[in-house]
Amino acid sequence: MVVLNEGLNKIRDLLNSNIDEGDWGAGTATELPTDTGLQAEISSIEVATSNLTADKTIQITAVLPSTAGTGNVIAEHVVRFSDGTELSRTTFTGITKTESKEIHNISTFVLTTPSQ
């Protein structure tokens, strides 16, 4: 069996129409497929995403504005579906958030089918 390109693009479109939020935290534990969200969520800094699509690809961008999260050390990010389910979790070296910093997280998903 092989997943067809049109099927991969349909999955991309479903992601695009159902992902609408990025959220930020201070957790530093390594990401695992069994994670259920942020390790240490920082409340009140959820942001809307902007999504771009191309053939079998979706790029999801979340921007933490300079006006949010000041004083926190930001070290993780999740991409979230509109129903609250998280798609992905990313950790990185902590960034001390100040009013002069904006943090951008860009997640790119390339959908492929395994070679036979």
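Derivation of every value follows stated rules applied to the coordinates shown; laboratory data play no part. Keep in mind that this is a model prediction, so the values were computed, not measured. Every residue, glycine among them, receives a Cβ derived from its backbone with ideal geometry; neighbour counts consider all protein chains shown.
For the reader, a short list of remarks on this structure follows.
- Added length on full extension, which subtracts the Cα-Cα distance from 0.36 nm per residue, Val2 to Glu99: 30.0 nm
- Taking a ≥ b ≥ c as the square roots of the eigenvalues of the Cα gyration tensor, an a/c ratio of 1.5 or more together with a/b larger than b/c marks the chain as prolate.
- With Cα atoms, 0 to 90° folded angle of helix 5-18 axis to the chain main axis: 30 degrees
- Karplus-derived 3J(HN,Hα), 6.51/-1.76/1.60, for each residue of the stretch 79-91, Hz, glycine and proline x: 9, 10, 6, 5, 8, x, 6, 8, 8, 8, 10, 10, 10
- Cross-link reach list, aspartates and glutamates versus Lys10, counting only Cα pairs under 12 Å and skipping chain neighbours closer than eight places: Asp55
- Around the Cα centre of the chain, unit charges on the Cβ atoms of Lys, Arg, Asp and Glu (plus for the first two, minus for the last two) sum to a dipole of about 260 debye.
- Per-residue ³J(HN,Hα) for the stretch 29-34, Karplus 6.51 cos²θ - 1.76 cosθ + 1.60, θ = phi - 60°, Hz, x for Gly and Pro: 5, 4, 5, 9, x, 7
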